[in-house]
1. Which numbered condition trips up K191, out of (1) part of a loop (DSSP other than H, G, I, E, B); (2) in contact (Cβ under 8 Å) with a residue 40 or more places away in the chain?
2. For region 45-53, indicate whether the set of residues that are assigned by TED's automatic domain parsing to the domain that holds K230 and under 30 Å from I164 (Cα atoms) is non-empty.
3. Taking S72 as the residue in question, decide whether it is touching a residue at least 60 places away in the same chain (Cβ under 8 Å), over 30 Å from A326 (Cβ atoms) and of a type in the set (S, T, N, Q).
4. Which ones in region 63-80 are in contact with a helix residue (DSSP H, G or I) (Cβ under 6 Å, 6 or more places away or on another chain), surrounded by fewer than 24 Cβ atoms within 10 Å (Cβ to Cβ) and in a helix (DSSP H, G or I)?
5. Under 8 Å by Cβ, and 6 or more places apart or on different chains, what pairs join a residue from region 1-27 that is under 15 Å from A352 (Cα atoms) and assigned to a helix (DSSP H, G or I) with one that is polar (S, T, N, Q) and modelled with pLDDT of 95 or more?
6. Among the candidates E150, E124, which residue alone is under 15 Å from F293 (Cα atoms) and either assigned to a helix (DSSP H, G or I) or in contact with a Pro (Cβ under 7 Å, 6 or more places away or on another chain) (or both)?
7. Only one of (1) in contact with a helix residue (DSSP H, G or I) (Cβ under 9 Å, 6 or more places away or on another chain); (2) assigned to a helix (DSSP H, G or I) fails for R234. Which number is that?
Amino acid sequence: MKENHPLKQAYSRSAYPLVGHGKRNVQVLKDALAGVDGDLDSDMYGSGKVIEDFEARMAELLGKPAAVFFPSGTMAQQIALRIWCDERGMRRVAYHPLCHLELHEEDGLKELHGIAPVLLADRERTIGLADVEQMPEEVACLLLELPQREIGGQLPDYDELVAISAYCREKGIKLHLDGARLLEILPYYGKTAAEVCDLFDSVYMSFYKGVGGIAGAILAGDEAFAARSKVWKRRHGGDLISLYPYILSADYYYSRTAHKMAQYYEEAKELAALYNACSGVATKPSVPVSNMFHVHVRLPKEQLESILLSICENTGIGMSSYVAAAGEDASCFEVSIGDRYAGVPKDALRQAFRSLAVQIQSLAARA
């Protein structure tokens, strides 16, 4: 959506935006650095106390022998898959049709590494054991995204994950976790990060999505995997002379938000219930399994934009900064709960949802 779109402008000015942690502006970095000793030495080309200490902490969190900090998850995941393909001597991997690598990376995996994807499951559900067992081609690695963002943050049952992991190990298929939002799924599974990651050979986690940092990612696995990932990081140009602004902000915001994931999860379920109480509105999943979900409305995009703009201007509640078309007479948007939601007054929230229900019903009656 264009920066000057009326809904986006209204949302940015709203008193109570419902999603995310806050505005992405320079203050995010200033807050992260405010308590840092100015004499702290920066990292240099991937070495130094500031990066090595953080990598060690993240390796411990994820239950892996080693971890490497990357400037982006796109870089980290392509490298992970390249390593596993090289080890197996095979340039094929499997993942979901709506995987980030397939949709948002300009075919980087194919063009930079010559790796071909095998797409599993369909566009409406997560990958299951049967999909893996019935793969039409042999692959070096299977990537699972938890949660599956493009279908509302859906998750497979934990027992299904265990079964997929066991099958991959039996067949010699490496299992990689796209855990960009790993922390957000832990309350639903009732597991630690290390317990989930133990099912996988390698794992990536983002520090800007649910965590709220500026940028950056961690890639973790065994010592040999980490050593090879550092070589590929240099080849990709990811060894900037210093990455400390990203590392320090990742550390700061991780410390601020990691312990709140259960709170965000409960708030997401509360908010989803308010949407689902409105006629013509349904969330996907119907009950969230993390702090994110999608809202689907049986109205054309332009009509829903008009309603959300009206609610924003009249109640101060910003439900979304954008709307996407989901068919001729349907539209949708994504919700991801962060620090903002807890500060929204309940009376203003109820007023906003009364307005949403009334305006949808009014349009339905005229249809």
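1. The number of the failed condition is (2).
2. Among the residues of region 45-53, not one is assigned by TED's automatic domain parsing to the domain that holds K230 and under 30 Å from I164 (Cα atoms), which makes the answer no.
3. Here the answer is no, as S72 does not meet what is asked.
4. Q78
5. What qualifies is Y11/S320; Y11/S321.
6. E150
7. Only one criterion is unmet by R234, namely (1).
Residue-wise test of (1) in the same structural domain as G210 (by TED's automatic domain parsing); (2) at pLDDT 95 or above; (3) surrounded by fewer than 20 Cβ atoms within 10 Å (Cβ to Cβ).
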position	(1), (2), (3)
W84	yes, yes, no
A94	yes, yes, no
H100	yes, yes, yes
E106	yes, yes, yes
L109	yes, yes, no
V132	yes, yes, no
P136	yes, no, yes
K174	yes, yes, no
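The values are calculated or read from the model by the stated rules, or taken from the named source; none is laboratory data. Values in this document were obtained by computation on a predicted structure and should not be read as measured data. Every residue, glycine among them, receives a Cβ derived from its backbone with ideal geometry; neighbour counts consider all protein chains shown.
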